[in-house]
Amino acid sequence: MSEEQIRSLERQFDERIARDEKIEPKDWMPDKYRKTHIRQMSQHAHSEIVGMLPEGNWITRAPSLRRKVALLAKVQDEAGHGLYLYSATETLGISREEMYEQLHTGKAKYSSIFNYPTITWADMGAIGWLVDGAAIINQVPLCNTSYGPYARAMIRVCKEESFHQRQGFEIMMKLANGTPEQKEMAQDALNRWWWPSLMMLGPTDDVSVHTEQSMKWKLKRKSNDDLRQQFIDQTVPQAELIGLTIPDPDLKWNEERGSYDFGEIDWDEFWQVVKGHGPMNKERMKARVGAWERGKWVRDAAMAHAEKKRNRKEKKAV
Amino acid sequence: MKNENLYNYILGIADNSLILGQRMGELCGHGPSLETDIACTNISLDLFGQVRSYFQYASKIAGDGRTEDDIAMLRKEREYKNVLLVEQPNTDFAYTLGRQFLFDVYHLAFLKELQKSTDLTLSAIANKCVKEVSYHERFSSDWVKRLGDGTSESKEKMQEAINDLWTYTDEFFHQTDADKAMVVEGIGVDVTKLKDSYYKEVSQVLEEATIQVPESKYFQKGGKQGIHTEHLGYLLSDLQYMQRTYPNMEW
(Lines give C-alpha, C1' and ligand atoms only; values in the text may rest on other atoms or scores of the structure.)
Protein backbone atom coordinates (compact mmCIF):
# COMPACT_ATOMS: atom_id res chain seq x y z
CA MET A 1 0.00 0.00 0.00
CA SER A 2 1.32 3.42 -0.88
CA GLU A 3 1.70 6.09 1.75
CA GLU A 4 -1.00 8.04 -0.04
CA GLN A 5 -3.40 5.12 0.31
CA ILE A 6 -2.60 4.71 3.98
CA ARG A 7 -3.21 8.37 4.64
CA SER A 8 -6.55 8.10 2.89
CA LEU A 9 -7.51 5.08 4.99
CA GLU A 10 -6.48 6.91 8.12
CA ARG A 11 -8.60 9.87 7.16
CA GLN A 12 -11.64 7.68 6.62
CA PHE A 13 -10.91 5.89 9.89
CA ASP A 14 -10.76 9.16 11.84
CA GLU A 15 -13.99 10.30 10.21
CA ARG A 16 -15.77 7.11 11.18
CA ILE A 17 -14.77 7.60 14.80
CA ALA A 18 -15.78 11.23 14.69
CA ARG A 19 -19.23 10.12 13.43
CA ASP A 20 -19.40 7.83 16.49
CA GLU A 21 -19.25 4.68 14.38
CA LYS A 22 -17.85 1.58 16.06
CA ILE A 23 -14.64 0.01 14.80
CA GLU A 24 -15.00 -3.77 14.53
CA PRO A 25 -12.25 -6.44 14.57
CA LYS A 26 -12.22 -7.02 10.80
CA ASP A 27 -12.14 -3.33 9.93
CA TRP A 28 -8.92 -1.72 8.83
CA MET A 29 -7.27 0.19 11.66
CA PRO A 30 -3.99 2.07 12.09
CA ASP A 31 -1.27 0.02 13.69
CA LYS A 32 -1.02 2.45 16.56
CA TYR A 33 -4.74 2.13 17.27
CA ARG A 34 -4.37 -1.64 17.48
CA LYS A 35 -1.33 -1.45 19.73
CA THR A 36 -2.81 1.17 22.04
CA HIS A 37 -5.97 -0.87 22.42
CA ILE A 38 -4.08 -4.08 23.09
CA ARG A 39 -2.11 -2.25 25.75
CA GLN A 40 -5.07 -0.64 27.48
CA MET A 41 -7.50 -3.55 27.18
CA SER A 42 -5.04 -6.19 28.32
CA GLN A 43 -3.99 -3.95 31.19
CA HIS A 44 -7.63 -3.72 32.12
CA ALA A 45 -8.04 -7.52 31.95
CA HIS A 46 -4.90 -8.03 34.05
CA SER A 47 -6.25 -5.61 36.65
CA GLU A 48 -9.38 -7.73 37.01
CA ILE A 49 -7.36 -10.90 37.50
CA VAL A 50 -4.77 -9.46 39.88
CA GLY A 51 -7.64 -7.66 41.62
CA MET A 52 -9.05 -11.05 42.61
CA LEU A 53 -6.13 -11.58 44.98
CA PRO A 54 -6.57 -8.86 47.60
CA GLU A 55 -10.26 -9.68 47.97
CA GLY A 56 -9.77 -13.43 47.63
CA ASN A 57 -7.59 -12.99 50.70
CA TRP A 58 -10.73 -12.57 52.84
CA ILE A 59 -13.00 -15.26 51.42
CA THR A 60 -12.08 -17.84 54.03
CA ARG A 61 -12.39 -15.30 56.85
CA ALA A 62 -15.54 -13.37 55.90
CA PRO A 63 -17.45 -12.58 59.10
CA SER A 64 -20.82 -14.04 58.11
CA LEU A 65 -22.20 -16.50 55.58
CA ARG A 66 -24.07 -13.72 53.82
CA ARG A 67 -20.88 -11.69 53.41
CA LYS A 68 -18.92 -14.74 52.34
CA VAL A 69 -21.39 -15.55 49.57
CA ALA A 70 -21.43 -11.92 48.39
CA LEU A 71 -17.63 -11.74 48.38
CA LEU A 72 -17.29 -15.00 46.46
CA ALA A 73 -19.80 -13.76 43.91
CA LYS A 74 -17.94 -10.49 43.59
CA VAL A 75 -14.55 -12.07 43.04
CA GLN A 76 -16.16 -14.42 40.55
CA ASP A 77 -17.57 -11.43 38.66
CA GLU A 78 -14.06 -10.05 38.44
CA ALA A 79 -12.81 -13.31 36.96
CA GLY A 80 -15.68 -13.04 34.47
CA HIS A 81 -14.68 -9.49 33.58
CA GLY A 82 -11.13 -10.68 33.03
CA LEU A 83 -12.43 -13.43 30.79
CA TYR A 84 -14.41 -11.21 28.47
CA LEU A 85 -11.82 -8.47 28.42
CA TYR A 86 -9.18 -11.01 27.40
CA SER A 87 -11.55 -12.31 24.71
CA ALA A 88 -12.21 -8.78 23.49
CA THR A 89 -8.46 -8.13 23.33
CA GLU A 90 -7.91 -11.35 21.42
CA THR A 91 -9.98 -9.88 18.57
CA LEU A 92 -7.03 -7.54 17.97
CA GLY A 93 -4.74 -10.43 17.15
CA ILE A 94 -2.98 -11.32 20.39
CA SER A 95 -3.47 -14.59 22.29
CA ARG A 96 -4.31 -14.95 25.94
CA GLU A 97 -1.03 -16.80 26.48
CA GLU A 98 0.90 -13.86 25.05
CA MET A 99 -0.96 -11.47 27.32
CA TYR A 100 -0.23 -13.63 30.37
CA GLU A 101 3.38 -13.75 29.33
CA GLN A 102 3.46 -9.95 29.24
CA LEU A 103 1.88 -9.77 32.68
CA HIS A 104 4.19 -12.34 34.19
CA THR A 105 7.35 -10.75 32.82
CA GLY A 106 6.27 -7.31 33.99
CA LYS A 107 5.97 -5.97 30.44
CA ALA A 108 2.26 -5.32 30.90
CA LYS A 109 0.95 -3.32 33.83
CA TYR A 110 -2.16 -3.68 35.96
CA SER A 111 -3.85 -1.25 38.27
CA SER A 112 -1.41 -0.27 41.02
CA ILE A 113 -4.12 -0.19 43.66
CA PHE A 114 -3.95 -3.96 43.95
CA ASN A 115 -0.43 -3.70 45.27
CA TYR A 116 -1.75 -2.61 48.64
CA PRO A 117 -2.51 -5.27 51.27
CA THR A 118 -5.97 -6.11 52.60
CA ILE A 119 -5.34 -6.39 56.32
CA THR A 120 -8.80 -6.11 57.88
CA TRP A 121 -12.35 -7.03 56.92
CA ALA A 122 -13.12 -3.33 56.46
CA ASP A 123 -10.76 -3.35 53.49
CA MET A 124 -13.44 -5.36 51.65
CA GLY A 125 -15.79 -2.45 52.18
CA ALA A 126 -13.21 0.18 51.27
CA ILE A 127 -12.23 -1.59 48.06
CA GLY A 128 -15.83 -1.91 46.93
CA TRP A 129 -16.73 1.62 47.84
CA LEU A 130 -13.58 3.50 46.82
CA VAL A 131 -11.66 1.32 44.38
CA ASP A 132 -14.70 0.14 42.44
CA GLY A 133 -16.09 3.66 42.74
CA ALA A 134 -12.98 5.14 41.10
CA ALA A 135 -12.97 2.34 38.53
CA ILE A 136 -16.55 3.12 37.51
CA ILE A 137 -15.67 6.78 36.99
CA ASN A 138 -12.84 5.65 34.74
CA GLN A 139 -14.92 3.06 32.94
CA VAL A 140 -18.38 4.48 32.32
CA PRO A 141 -17.10 6.68 29.47
CA LEU A 142 -15.61 3.54 27.90
CA CYS A 143 -19.09 2.17 27.24
CA ASN A 144 -19.04 4.62 24.30
CA THR A 145 -15.48 4.04 23.23
CA SER A 146 -14.72 3.57 19.54
CA TYR A 147 -13.65 -0.07 19.53
CA GLY A 148 -16.84 -2.15 19.42
CA PRO A 149 -15.79 -5.26 21.40
CA TYR A 150 -14.32 -3.10 24.18
CA ALA A 151 -17.38 -0.86 24.38
CA ARG A 152 -19.72 -3.85 24.59
CA ALA A 153 -17.61 -5.57 27.25
CA MET A 154 -17.59 -2.37 29.28
CA ILE A 155 -21.36 -2.07 29.33
CA ARG A 156 -21.58 -5.36 31.16
CA VAL A 157 -18.57 -4.65 33.37
CA CYS A 158 -19.96 -1.29 34.48
CA LYS A 159 -23.32 -2.74 35.47
CA GLU A 160 -21.65 -5.25 37.75
CA GLU A 161 -19.15 -2.74 39.10
CA SER A 162 -21.84 -0.38 40.27
CA PHE A 163 -23.45 -3.27 42.10
CA HIS A 164 -20.08 -3.99 43.74
CA GLN A 165 -19.69 -0.39 44.73
CA ARG A 166 -23.04 -0.33 46.51
CA GLN A 167 -22.14 -3.59 48.20
CA GLY A 168 -18.84 -2.13 49.41
CA PHE A 169 -20.51 1.00 50.68
CA GLU A 170 -23.02 -1.13 52.52
CA ILE A 171 -20.20 -3.03 54.26
CA MET A 172 -18.70 0.30 55.36
CA MET A 173 -22.05 1.65 56.48
CA LYS A 174 -22.69 -1.40 58.63
CA LEU A 175 -19.27 -1.02 60.26
CA ALA A 176 -19.62 2.72 60.71
CA ASN A 177 -22.95 2.19 62.46
CA GLY A 178 -21.61 -0.72 64.51
CA THR A 179 -19.60 -0.91 67.72
CA PRO A 180 -16.76 1.59 68.35
CA GLU A 181 -14.32 -1.14 67.38
CA GLN A 182 -16.09 -1.67 64.05
CA LYS A 183 -16.24 2.05 63.36
CA GLU A 184 -12.53 2.34 64.05
CA MET A 185 -11.91 -0.51 61.62
CA ALA A 186 -13.89 1.32 58.93
CA GLN A 187 -12.09 4.63 59.53
CA ASP A 188 -8.72 2.92 59.44
CA ALA A 189 -9.56 1.33 56.09
CA LEU A 190 -10.70 4.66 54.68
CA ASN A 191 -7.45 6.23 55.90
CA ARG A 192 -5.38 3.63 54.08
CA TRP A 193 -7.38 3.41 50.83
CA TRP A 194 -8.31 7.06 50.24
CA TRP A 195 -5.06 8.33 48.73
CA PRO A 196 -4.28 5.25 46.65
CA SER A 197 -7.84 5.50 45.26
CA LEU A 198 -7.21 9.08 44.16
CA MET A 199 -3.98 7.94 42.51
CA MET A 200 -5.96 5.30 40.61
CA LEU A 201 -7.33 8.00 38.36
CA GLY A 202 -3.85 8.50 36.97
CA PRO A 203 -1.11 11.14 36.99
CA THR A 204 -2.06 14.79 36.75
CA ASP A 205 -2.89 16.12 33.27
CA ASP A 206 0.39 17.98 32.86
CA VAL A 207 2.40 14.74 33.05
CA SER A 208 -0.09 12.25 31.55
CA VAL A 209 1.39 11.03 28.26
CA HIS A 210 -1.43 9.25 26.50
CA THR A 211 -4.29 11.64 26.95
CA GLU A 212 -4.56 13.51 23.64
CA GLN A 213 -4.52 10.53 21.29
CA SER A 214 -6.80 8.60 23.63
CA MET A 215 -9.33 11.42 23.61
CA LYS A 216 -9.50 11.27 19.82
CA TRP A 217 -10.15 7.54 19.87
CA LYS A 218 -12.66 7.89 22.69
CA LEU A 219 -10.53 5.70 24.91
CA LYS A 220 -10.77 8.64 27.22
CA ARG A 221 -13.38 11.36 27.38
CA LYS A 222 -12.30 13.37 30.39
CA SER A 223 -8.85 14.18 31.72
CA ASN A 224 -7.42 12.43 34.79
CA ASP A 225 -7.78 15.59 36.88
CA ASP A 226 -11.44 15.99 35.90
CA LEU A 227 -12.16 12.36 36.72
CA ARG A 228 -10.41 12.71 40.08
CA GLN A 229 -12.43 15.79 40.94
CA GLN A 230 -15.62 13.96 40.00
CA PHE A 231 -14.64 11.06 42.26
CA ILE A 232 -13.88 13.30 45.21
CA ASP A 233 -17.07 15.34 44.81
CA GLN A 234 -19.11 12.19 44.68
CA THR A 235 -17.40 10.37 47.56
CA VAL A 236 -17.03 13.06 50.24
CA PRO A 237 -20.78 13.34 50.92
CA GLN A 238 -21.01 9.55 51.11
CA ALA A 239 -18.34 9.49 53.81
CA GLU A 240 -20.19 12.23 55.69
CA LEU A 241 -23.41 10.28 55.44
CA ILE A 242 -21.95 7.37 57.39
CA GLY A 243 -19.93 9.52 59.76
CA LEU A 244 -16.43 8.76 58.50
CA THR A 245 -13.72 11.36 58.01
CA ILE A 246 -11.76 11.73 54.78
CA PRO A 247 -8.08 11.71 55.80
CA ASP A 248 -7.24 15.04 54.15
CA PRO A 249 -6.92 18.15 56.36
CA ASP A 250 -6.95 20.38 53.26
CA LEU A 251 -10.27 19.06 52.00
CA LYS A 252 -12.67 22.00 51.76
CA TRP A 253 -15.79 22.85 49.77
CA ASN A 254 -15.06 25.55 47.22
CA GLU A 255 -18.26 27.50 46.68
CA GLU A 256 -16.95 29.24 43.60
CA ARG A 257 -15.92 26.07 41.75
CA GLY A 258 -18.81 24.03 43.13
CA SER A 259 -16.27 21.35 43.98
CA TYR A 260 -14.01 20.22 46.79
CA ASP A 261 -10.46 21.51 47.02
CA PHE A 262 -8.14 18.81 48.22
CA GLY A 263 -4.61 18.28 49.47
CA GLU A 264 -1.43 17.31 47.70
CA ILE A 265 -1.20 13.72 46.44
CA ASP A 266 2.05 11.92 47.20
CA TRP A 267 3.14 11.22 43.65
CA ASP A 268 6.43 9.74 44.81
CA GLU A 269 4.45 6.95 46.40
CA PHE A 270 2.43 6.54 43.19
CA TRP A 271 5.54 6.13 41.03
CA GLN A 272 7.20 3.86 43.55
CA VAL A 273 4.24 1.45 43.36
CA VAL A 274 3.88 1.77 39.57
CA LYS A 275 7.54 0.92 39.17
CA GLY A 276 7.06 -2.30 41.11
CA HIS A 277 8.06 -1.35 44.64
CA GLY A 278 4.72 -1.12 46.40
CA PRO A 279 3.95 -3.19 49.49
CA MET A 280 2.52 -6.14 47.57
CA ASN A 281 3.86 -5.97 43.98
CA LYS A 282 6.16 -8.94 44.41
CA GLU A 283 3.57 -11.07 46.25
CA ARG A 284 0.87 -10.39 43.68
CA MET A 285 3.12 -11.40 40.80
CA LYS A 286 4.37 -14.41 42.69
CA ALA A 287 0.77 -15.53 43.23
CA ARG A 288 -0.14 -15.10 39.55
CA VAL A 289 3.01 -16.69 38.17
CA GLY A 290 2.80 -19.46 40.77
CA ALA A 291 -0.79 -20.32 39.86
CA TRP A 292 0.13 -20.35 36.17
CA GLU A 293 3.17 -22.57 36.66
CA ARG A 294 1.45 -24.93 39.07
CA GLY A 295 -1.39 -25.21 36.58
CA LYS A 296 0.77 -26.12 33.60
CA TRP A 297 0.41 -29.86 33.97
CA VAL A 298 -3.37 -29.43 34.27
CA ARG A 299 -3.62 -27.39 31.08
CA ASP A 300 -1.30 -29.83 29.30
CA ALA A 301 -3.47 -32.73 30.42
CA ALA A 302 -6.63 -31.03 29.16
CA MET A 303 -5.00 -30.48 25.74
CA ALA A 304 -3.71 -34.04 25.57
CA HIS A 305 -7.11 -35.41 26.54
CA ALA A 306 -8.92 -33.34 23.92
CA GLU A 307 -6.43 -34.56 21.32
CA LYS A 308 -6.99 -38.20 22.30
CA LYS A 309 -10.73 -37.75 22.10
CA ARG A 310 -10.46 -36.19 18.65
CA ASN A 311 -8.28 -39.06 17.42
CA ARG A 312 -10.67 -41.66 18.76
CA LYS A 313 -13.57 -39.95 17.04
CA GLU A 314 -11.68 -39.81 13.74
CA LYS A 315 -10.77 -43.45 14.00
CA LYS A 316 -14.37 -44.32 14.57
CA ALA A 317 -15.42 -42.27 11.56
CA VAL A 318 -12.95 -44.16 9.37
CA MET B 1 -34.07 -29.10 72.30
CA LYS B 2 -37.32 -30.72 71.21
CA ASN B 3 -36.15 -31.82 67.78
CA GLU B 4 -32.58 -32.67 68.60
CA ASN B 5 -32.32 -35.52 66.12
CA LEU B 6 -33.57 -33.36 63.27
CA TYR B 7 -31.21 -30.56 64.28
CA ASN B 8 -28.22 -32.92 64.36
CA TYR B 9 -29.33 -34.50 61.13
CA ILE B 10 -29.35 -31.14 59.33
CA LEU B 11 -25.93 -30.28 60.73
CA GLY B 12 -24.61 -33.59 59.44
CA ILE B 13 -25.70 -32.65 55.92
CA ALA B 14 -24.80 -28.98 56.04
CA ASP B 15 -21.34 -29.34 57.56
CA ASN B 16 -20.17 -31.24 54.47
CA SER B 17 -21.14 -28.32 52.26
CA LEU B 18 -19.70 -25.81 54.73
CA ILE B 19 -16.27 -27.38 54.99
CA LEU B 20 -15.98 -28.26 51.30
CA GLY B 21 -17.19 -24.77 50.36
CA GLN B 22 -14.47 -23.32 52.56
CA ARG B 23 -11.83 -25.50 50.90
CA MET B 24 -12.94 -24.53 47.42
CA GLY B 25 -13.04 -20.88 48.46
CA GLU B 26 -9.34 -21.05 49.35
CA LEU B 27 -8.53 -21.54 45.68
CA CYS B 28 -10.19 -18.40 44.40
CA GLY B 29 -7.69 -16.55 42.20
CA HIS B 30 -5.16 -19.38 42.25
CA GLY B 31 -6.62 -21.88 39.78
CA PRO B 32 -4.74 -23.39 36.83
CA SER B 33 -6.80 -21.34 34.36
CA LEU B 34 -9.37 -18.59 34.51
CA GLU B 35 -12.14 -21.00 33.50
CA THR B 36 -11.35 -23.53 36.24
CA ASP B 37 -10.96 -20.70 38.72
CA ILE B 38 -14.46 -19.49 37.92
CA ALA B 39 -15.86 -23.03 38.13
CA CYS B 40 -14.27 -23.76 41.52
CA THR B 41 -15.49 -20.46 42.93
CA ASN B 42 -18.91 -21.28 41.57
CA ILE B 43 -18.96 -24.62 43.35
CA SER B 44 -17.95 -22.90 46.57
CA LEU B 45 -20.70 -20.34 46.06
CA ASP B 46 -23.33 -23.04 45.51
CA LEU B 47 -22.21 -24.93 48.59
CA PHE B 48 -22.37 -21.87 50.84
CA GLY B 49 -25.80 -21.06 49.44
CA GLN B 50 -26.91 -24.54 50.49
CA VAL B 51 -25.32 -24.10 53.89
CA ARG B 52 -27.36 -20.96 54.47
CA SER B 53 -30.63 -22.74 53.67
CA TYR B 54 -29.80 -25.62 55.99
CA PHE B 55 -28.58 -23.49 58.88
CA GLN B 56 -31.48 -21.05 58.65
CA TYR B 57 -33.72 -24.05 59.08
CA ALA B 58 -31.54 -25.46 61.87
CA SER B 59 -31.65 -22.11 63.63
CA LYS B 60 -35.44 -22.22 63.56
CA ILE B 61 -35.46 -25.72 64.98
CA ALA B 62 -32.96 -24.87 67.72
CA GLY B 63 -35.19 -21.95 68.67
CA ASP B 64 -32.65 -20.59 71.13
CA GLY B 65 -31.73 -17.41 69.30
CA ARG B 66 -28.67 -18.81 67.57
CA THR B 67 -28.34 -17.54 64.01
CA GLU B 68 -27.07 -19.31 60.89
CA ASP B 69 -23.68 -17.69 61.54
CA ASP B 70 -23.55 -18.82 65.16
CA ILE B 71 -24.18 -22.37 64.02
CA ALA B 72 -21.69 -22.16 61.17
CA MET B 73 -18.90 -20.38 63.00
CA LEU B 74 -19.19 -20.75 66.73
CA ARG B 75 -19.04 -24.45 67.36
CA LYS B 76 -15.94 -26.22 68.66
CA GLU B 77 -13.97 -28.56 66.50
CA ARG B 78 -15.49 -31.71 68.02
CA GLU B 79 -18.98 -30.41 67.23
CA TYR B 80 -18.52 -30.34 63.45
CA LYS B 81 -20.10 -33.38 61.83
CA ASN B 82 -18.69 -33.34 58.31
CA VAL B 83 -17.12 -36.44 56.79
CA LEU B 84 -13.32 -36.52 56.80
CA LEU B 85 -13.07 -36.40 53.01
CA VAL B 86 -14.25 -32.81 52.63
CA GLU B 87 -11.71 -31.35 55.07
CA GLN B 88 -8.72 -32.79 53.19
CA PRO B 89 -6.44 -30.03 51.86
CA ASN B 90 -6.03 -28.71 48.31
CA THR B 91 -2.74 -30.56 47.86
CA ASP B 92 -2.89 -30.02 44.10
CA PHE B 93 -5.54 -29.82 41.40
CA ALA B 94 -5.82 -33.62 41.20
CA TYR B 95 -6.58 -33.84 44.93
CA THR B 96 -9.01 -30.95 44.73
CA LEU B 97 -10.94 -32.43 41.83
CA GLY B 98 -10.60 -35.99 43.10
CA ARG B 99 -12.05 -34.93 46.45
CA GLN B 100 -14.83 -33.06 44.65
CA PHE B 101 -15.63 -36.03 42.44
CA LEU B 102 -15.71 -38.57 45.28
CA PHE B 103 -18.00 -36.26 47.22
CA ASP B 104 -20.22 -35.20 44.32
CA VAL B 105 -21.23 -38.74 43.36
CA TYR B 106 -22.34 -39.35 46.93
CA HIS B 107 -23.88 -35.90 47.34
CA LEU B 108 -26.02 -36.18 44.22
CA ALA B 109 -27.31 -39.65 45.11
CA PHE B 110 -28.04 -38.43 48.64
CA LEU B 111 -29.95 -35.35 47.49
CA LYS B 112 -32.04 -37.34 45.04
CA GLU B 113 -33.25 -39.39 48.00
CA LEU B 114 -33.65 -36.35 50.23
CA GLN B 115 -36.07 -34.91 47.68
CA LYS B 116 -38.48 -37.60 48.87
CA SER B 117 -38.21 -36.53 52.53
CA THR B 118 -41.48 -36.07 54.39
CA ASP B 119 -39.96 -32.90 55.86
CA LEU B 120 -41.08 -30.31 53.33
CA THR B 121 -38.30 -27.83 54.07
CA LEU B 122 -35.62 -30.44 53.56
CA SER B 123 -37.19 -31.75 50.37
CA ALA B 124 -37.47 -28.19 49.03
CA ILE B 125 -33.80 -27.53 49.79
CA ALA B 126 -32.88 -30.83 48.14
CA ASN B 127 -34.87 -29.91 45.03
CA LYS B 128 -32.85 -26.75 44.65
CA CYS B 129 -29.51 -28.40 45.44
CA VAL B 130 -29.92 -31.31 43.06
CA LYS B 131 -29.63 -29.02 40.06
CA GLU B 132 -26.44 -27.43 41.34
CA VAL B 133 -24.85 -30.66 42.40
CA SER B 134 -25.61 -32.37 39.07
CA TYR B 135 -23.48 -29.69 37.53
CA HIS B 136 -20.71 -30.16 40.10
CA GLU B 137 -20.69 -33.88 39.44
CA ARG B 138 -20.46 -33.40 35.69
CA PHE B 139 -17.63 -30.92 36.12
CA SER B 140 -15.59 -33.02 38.53
CA SER B 141 -16.03 -36.32 36.66
CA ASP B 142 -15.05 -34.62 33.40
CA TRP B 143 -11.89 -33.40 35.05
CA VAL B 144 -11.07 -36.78 36.57
CA LYS B 145 -11.33 -38.21 33.04
CA ARG B 146 -9.25 -35.41 31.58
CA LEU B 147 -6.49 -35.75 34.14
CA GLY B 148 -6.59 -39.55 34.23
CA ASP B 149 -6.56 -39.88 30.47
CA GLY B 150 -4.38 -36.84 29.76
CA THR B 151 -0.60 -36.94 30.03
CA SER B 152 1.46 -39.49 31.95
CA GLU B 153 2.18 -36.86 34.57
CA SER B 154 -1.48 -36.01 35.08
CA LYS B 155 -2.42 -39.68 35.19
CA GLU B 156 0.12 -40.31 37.94
CA LYS B 157 -1.14 -37.37 39.96
CA MET B 158 -4.78 -38.34 39.53
CA GLN B 159 -4.07 -41.92 40.52
CA GLU B 160 -2.18 -40.81 43.59
CA ALA B 161 -5.00 -38.50 44.66
CA ILE B 162 -7.63 -41.21 44.26
CA ASN B 163 -5.46 -43.73 46.11
CA ASP B 164 -5.02 -41.32 49.03
CA LEU B 165 -8.60 -40.12 49.20
CA TRP B 166 -10.20 -43.51 48.77
CA THR B 167 -9.84 -44.30 52.46
CA TYR B 168 -12.36 -41.55 53.28
CA THR B 169 -15.17 -42.79 51.02
CA ASP B 170 -16.68 -45.49 53.18
CA GLU B 171 -17.64 -43.02 55.88
CA PHE B 172 -20.47 -41.63 53.73
CA PHE B 173 -22.43 -44.81 54.41
CA HIS B 174 -22.12 -44.89 58.19
CA GLN B 175 -25.27 -44.03 60.08
CA THR B 176 -25.32 -41.78 63.13
CA ASP B 177 -28.02 -42.00 65.78
CA ALA B 178 -29.69 -38.96 64.25
CA ASP B 179 -29.59 -40.65 60.83
CA LYS B 180 -31.29 -43.75 62.15
CA ALA B 181 -33.99 -41.78 63.94
CA MET B 182 -34.69 -39.67 60.87
CA VAL B 183 -34.90 -42.69 58.58
CA VAL B 184 -37.55 -44.16 60.86
CA GLU B 185 -39.56 -40.96 60.63
CA GLY B 186 -39.34 -40.85 56.84
CA ILE B 187 -37.37 -37.62 57.01
CA GLY B 188 -33.86 -38.91 56.50
CA VAL B 189 -32.06 -40.87 53.81
CA ASP B 190 -30.89 -44.41 54.50
CA VAL B 191 -27.28 -43.93 53.41
CA THR B 192 -26.45 -47.62 53.74
CA LYS B 193 -28.58 -48.20 50.65
CA LEU B 194 -26.51 -45.80 48.55
CA LYS B 195 -23.25 -47.67 48.95
CA ASP B 196 -23.36 -50.22 46.11
CA SER B 197 -24.47 -47.82 43.43
CA TYR B 198 -21.91 -45.28 44.66
CA TYR B 199 -18.95 -47.57 44.14
CA LYS B 200 -20.37 -48.76 40.86
CA GLU B 201 -20.71 -45.25 39.53
CA VAL B 202 -17.35 -44.09 40.83
CA SER B 203 -15.66 -47.13 39.33
CA GLN B 204 -17.24 -46.48 35.95
CA VAL B 205 -15.84 -42.96 35.79
CA LEU B 206 -12.43 -44.08 37.04
CA GLU B 207 -12.29 -46.80 34.41
CA GLU B 208 -13.13 -44.31 31.73
CA ALA B 209 -10.39 -42.13 33.16
CA THR B 210 -7.99 -45.10 32.93
CA ILE B 211 -7.48 -44.82 36.68
CA GLN B 212 -7.25 -47.99 38.73
CA VAL B 213 -9.95 -48.45 41.30
CA PRO B 214 -8.13 -48.82 44.63
CA GLU B 215 -8.49 -52.23 46.20
CA SER B 216 -7.73 -51.20 49.77
CA LYS B 217 -10.33 -52.25 52.28
CA TYR B 218 -8.99 -50.06 55.08
CA PHE B 219 -11.14 -47.03 55.64
CA GLN B 220 -11.09 -44.02 57.98
CA LYS B 221 -14.06 -42.80 59.92
CA GLY B 222 -14.89 -40.42 62.74
CA GLY B 223 -15.91 -37.15 61.13
CA LYS B 224 -19.59 -37.76 61.75
CA GLN B 225 -18.78 -38.16 65.46
CA GLY B 226 -16.62 -35.03 65.46
CA ILE B 227 -13.31 -36.87 65.49
CA HIS B 228 -11.52 -35.17 62.63
CA THR B 229 -8.16 -35.17 60.89
CA GLU B 230 -5.58 -32.59 61.94
CA HIS B 231 -6.53 -30.44 58.96
CA LEU B 232 -9.88 -29.28 60.28
CA GLY B 233 -8.63 -27.11 63.14
CA TYR B 234 -6.69 -24.82 60.82
CA LEU B 235 -9.61 -24.52 58.46
CA LEU B 236 -11.86 -23.57 61.37
CA SER B 237 -9.47 -20.95 62.67
CA ASP B 238 -9.89 -19.11 59.35
CA LEU B 239 -13.62 -19.73 59.16
CA GLN B 240 -14.21 -18.54 62.73
CA TYR B 241 -11.61 -15.78 62.94
CA MET B 242 -13.91 -12.78 62.73
CA GLN B 243 -16.68 -14.22 64.89
CA ARG B 244 -14.18 -15.21 67.59
CA THR B 245 -12.17 -11.99 67.50
CA TYR B 246 -15.19 -9.68 67.45
CA PRO B 247 -17.97 -11.51 69.27
CA ASN B 248 -21.60 -10.38 69.24
CA MET B 249 -21.34 -7.93 66.38
CA GLU B 250 -23.30 -7.55 63.19
CA TRP B 251 -21.60 -7.48 59.86
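For region B:2-15, the criterion of being among the aliphatic types (A, V, I, L, M), surrounded by 20 or more Cβ atoms within 10 Å (Cβ to Cβ) and more than 24 Å from B:Ser237 (Cα to Cα) is met by at least one residue. If you go through region B:158-174 one residue at a time, do you hit one that is part of a helix (DSSP H, G or I), over 21 Å from the mean Cα position of the chain (by Cα), among the acidic types (Asp, Glu) and within 13 Å of chain A (Cβ to nearest Cβ)? No: zero hits. Return a yes/no flag: does region A:240-254 have any residue that is over 30 Å from B:Asp92 (Cβ atoms) and part of a helix (DSSP H, G or I). Yes. Identify, from the list A:Ala62, A:Ala122, A:Ala134, the residue that is among the small types (Gly, Ala, Ser), under 24 Å from A:Gly178 (Cα atoms), out of contact with any Asp or Glu (no Cβ under 9 Å at 6 or more places or on another chain) and touching a residue at least 12 places away in the same chain (Cβ under 8 Å). Unique residue meeting the criteria: A:Ala62.
For region A:67-119, a residue qualifies if it is acidic (Asp, Glu) and touching a residue at least 40 places away in the same chain (Cβ under 8 Å), and exactly one does: A:Asp77.
I need the full set of residues from region B:41-76 which are out of contact with any helix residue (DSSP H, G or I) (no Cβ under 9 Å at 6 or more places or on another chain) and either assigned to a helix (DSSP H, G or I) or at positive phi (or both), in order please. If the condition is that a residue be out of contact with any helix residue (DSSP H, G or I) (no Cβ under 9 Å at 6 or more places or on another chain) and either assigned to a helix (DSSP H, G or I) or at positive phi (or both), then B:Gly63 is the only one that fits. Within region A:118-128, can one find any residue that is assigned to a helix (DSSP H, G or I), of a type in the set (Val, Ile, Thr), closer than 29 Å to A:Lys220 by Cβ and at pLDDT 95 or above? Scanning region A:118-128, I find at least one residue that is assigned to a helix (DSSP H, G or I), of a type in the set (Val, Ile, Thr), closer than 29 Å to A:Lys220 by Cβ and at pLDDT 95 or above, so the answer is yes.
Per the listing A:Leu53, A:Leu9, the residue uniquely crowded, with 17+ Cβ neighbours inside 10 Å and assigned to a helix (DSSP H, G or I) is A:Leu53. Here A:Glu160 fulfils each of the conditions (1) more than 25 Å from A:Lys32 (Cα to Cα); (2) part of a helix (DSSP H, G or I); (3) within 11 Å of chain B (Cβ to nearest Cβ); (4) in contact (Cβ under 8 Å) with a residue 60 or more places away in the chain apart from (3). Being without any contact (Cβ under 8 Å) to a residue 12 or more places away in the chain and more than 27 Å from A:Trp292 (Cα to Cα) is a description that does not apply to B:Arg52. Residues in region A:32-76 that are within 14 Å of chain B (Cβ to nearest Cβ) and among the charged types (D, E, K, R) were compared, and the one that is farthest from B:Thr245 (Cα to Cα) is A:Glu48. The set of residues in region B:28-40 that are part of a loop (DSSP other than H, G, I, E, B) and either more than 7 Å from every other protein chain (Cβ to nearest Cβ) or closer than 21 Å to B:Gly98 by Cβ (or both) comprises B:Cys28, B:His30, B:Gly31, B:Pro32, B:Ser33.
Selection over region A:216-243 of residues that are under 19 Å from the mean Cα position of the chain (by Cα) and farther than 30 Å from A:Ala122 by Cα gives a count of 6. Considering region A:278-318, and only residues there that are of a type in the set (Gly, Ala, Ser) and under 18 Å from B:Glu26 (Cα atoms), the residue that is nearest to the other protein chains (Cβ to nearest Cβ) turns out to be A:Gly295.
The values are calculated or read from the model by the stated rules, or taken from the named source; none is laboratory data. Here the structure is a predicted model, which is why all the values come from computation and not from measurement. Here Cβ is always computed from backbone atoms with ideal geometry, including for glycine, and neighbour counts include all displayed protein chains.
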